[in-house]
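Single-structure report; data block below.
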Amino acid sequence: MPNDMTHIDKIQALTFAIGKKMQTELLEQMQASGLTPPQFYILKILDHYGASRATQLAEKMYVKPSAITVMTDRLIDHGLVERYHDDNDRRVVVIELTKKGKATVEEAMAARNEHIAKYFSHLELQEREDLLRLFEKLETIICGKPEKKEKKEKKRKKRKTKRN
């Protein structure tokens, strides 16, 4: 029976190998559609949240707003997004998907999902459900739950305010 370190080593190696293989294949698919991973991610964010401030996109992608400007310039050149100033506050820059951008992200997501589904079709339904449950549990352990992070942040701010 393998010890815990053997399990950990195997899990780490398998996670890395699977992630690298899937990432490489998905990157090739993305490049075929003419998108870089960050550009694709911007389109996904806009598709999910709708028109967003450039600063909001930067926060979600963990980059500086100036990086968003460079990435969106290219997306604008391809007709995938449009950029405009907020009517109520001209300092605020808003980015929004165009119809072409929406169609592009939907096509890319469908191709990605179809590609990934090929792998998971070899697993039984119960195996997929178990895998999902385990990944969700790991995500909670490693990343924490968003609600917990927000509560911790509010408590921290409250304590800081009381000190001042």
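Read the figures in this text as sums done on the coordinates, not as results from a lab. Everything numeric here is computed off the predicted structure, so don't read it as measured data. With ideal geometry, Cβ positions are generated from the backbone for all residues, glycine too; neighbour counts draw on all protein chains shown.
A few remarks follow.
- Estimated dipole of the range 4-122 in Debye, rounded to 20 [Cβ of Lys and Arg +1, of Asp and Glu -1, Cα centre]: 100 debye
- For the pair Glu124 and Ile141, the difference between a 0.36 nm per residue extended length and the Cα-Cα distance amounts to 3.5 nm.
- Taking a ≥ b ≥ c as the square roots of the eigenvalues of the Cα gyration tensor, an a/c ratio of 1.5 or more together with a/b larger than b/c marks the range 39-123 as prolate.
- Filter on Lys102/Lys145; Lys60/Lys99; Lys10/Lys137; Lys60/Lys137 - keep pairs with C-alpha separation over 26 Å: Lys102/Lys145
- Candidates Leu27, Leu131, Leu35: whichever shows maximal mean-square fluctuation once the chain is modelled as a Gaussian network with Cα springs under 10 Å: Leu131
- Residues in the range 101-117 that a label on Leu132 would reach, taking backbone N under 16 Å of a point 7 Å out along Cα→Cβ: 113-114, 116-117
- Two-site FRET efficiency, Ile11 against Lys102, from Cβ-Cβ distance with R₀ of 41 Å, rounded to 0.05: 0.60
- Dipole of the chain, positive direction: furthest Cα of Asn88, Tyr41, Ala17, with charges on the beta-carbon: Asn88
- Matching label, P(r) over Cα pairs in 10 Å bins from 0, in percent computed from the structure shown, candidates (i) 6, 13, 11, 14, 19, 16, 9, 6, 5, 1; (ii) 8, 25, 29, 24, 11, 2, 0; (iii) 9, 29, 32, 19, 8, 2, 0: (ii)
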